[in-house]
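All remarks here apply to the structure that follows.
Here, each number is a calculation from the coordinates, and none is a lab measurement. Remember, it's a predicted structure, so these values are computed and weren't measured experimentally. With ideal geometry, Cβ positions are generated from the backbone for all residues, glycine too; neighbour counts draw on all protein chains shown.
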Amino acid sequence: MKSRIVLVLAASLLWLFAGDAAAKRPVTVDLRGDEAMVSLLEGAAEVEKSGEACWKALNEGDFLGKGDQVKTGPGARMEILLKDGTVLRFADKTHLKLTALQIVPDAGTRDVKVDVVLGRTWANVSKTLGVRSGFEISCENAVAGARGTVYRMNVYEDRSALVRVYDGSVAVSKPAQPVGLPTAVGPPGKVEGPKPVPGPVKVTMEEWVYIVKSMQQIRIAADGSAEEPKSFTVEEDRNDWVDWNKERDARLNEPAR
């Protein structure tokens, strides 16, 4: 814990004396595989730690773990950094939960799942891990999984969603439906006679999977149905949120000074 405090203080002093431009640069830290660090926070955000029933202020340099929930305030932007170099960013008025967070670089494994209740999320997923690595951003009506790519998901108040891919490909599917609990066994009763067994039924679009490639998007309606992927242009995609993320991504590859 002491080393973490020294690390955060050193980073804070560096940002303070290096000026605003350097303060916006992504940072490099030695993280555990089961934690993420808030590497940038503009505006206010709050966190409900796993196992706790209260919300408290979240600050730049804080650590997050599995089961933590975060809400960003109006006008806020937040970036979190994972051990493998994966970066996640969240726009204002976004509510998310880290449902899985475990990265083991030596074994080439990653299990990261982010459930977005509402808001906008951008993911720059590291390509350093192998085929056993898993990364998912999900909402009520869709799961977007990738290994090493850049993509974003918007989740709207009516439960609809939009996924746009900038690099690589993303598998977008309908979430698995929860399995009902088994019925309690009661006392012995009368056994009814045989009944006709229904024949096979056609599988509907309640179950779907699409591979969304670079510069493609997919829209998921509020009822859980999905459009087929289609291309989008740089011009129609441009806004302050997208421009900010692309600028941050470009700095990921800049050499440290």
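Amide H to amide H, which residues 5 or more places from Ser138 or on other chains are under 5 Å from it, using H placed in the peptide plane?
Sorted by chain and number, the residues that satisfy this are Val114, Asp115, Val116, Ala144.
What is the set of long-range amide H partners of Ala100 at a cut-off below 5 Å, with H atoms built 1.01 Å from backbone N?
The answer is Gly67, Lys113.
With θ taken as phi - 60° and the coefficients 6.51, -1.76 and 1.60, list the Karplus ³J(HN,Hα) couplings across region 78-84 in order, rounded to whole Hz; mark glycine and proline as x.
Using θ = phi - 60°, the values come out as 9, 10, 10, 10, 9, 4, 7 Hz.
Towards the positive end of the charge dipole of region 83-132, with charges on Cβ (+1 Lys, Arg; -1 Asp, Glu), say which of Leu96, Thr128, Gly85 has the farthest Cα.
Leu96
Two decimals is fine: what is log10 I(q)/I(0) at q = 0.25, 0.27, 0.29 Å⁻¹ for region 216-257, from a Debye sum with one equal scatterer on every Cα and no solvent?
Calculated log10 I(q)/I(0) at the listed q: -0.90, -0.93, -0.96.
Please give the Cα centre distance for region 53-76 versus region 85-126, rounded to the nearest Å.
14 Å
Return the FRET efficiency for the residue pair Lys213, Lys246: r is the Cβ-Cβ distance, R0 is 30 Å, and the value is rounded to the nearest 0.05.
Efficiency computed from Cβ-Cβ geometry: 0.95.
Please work out how much length the chain gains when fully extended from Ala171 to Asn239, using 0.36 nm per residue of separation minus the C-alpha to C-alpha distance, in nm with one decimal.
Full extension of this stretch gives 22.0 nm more.
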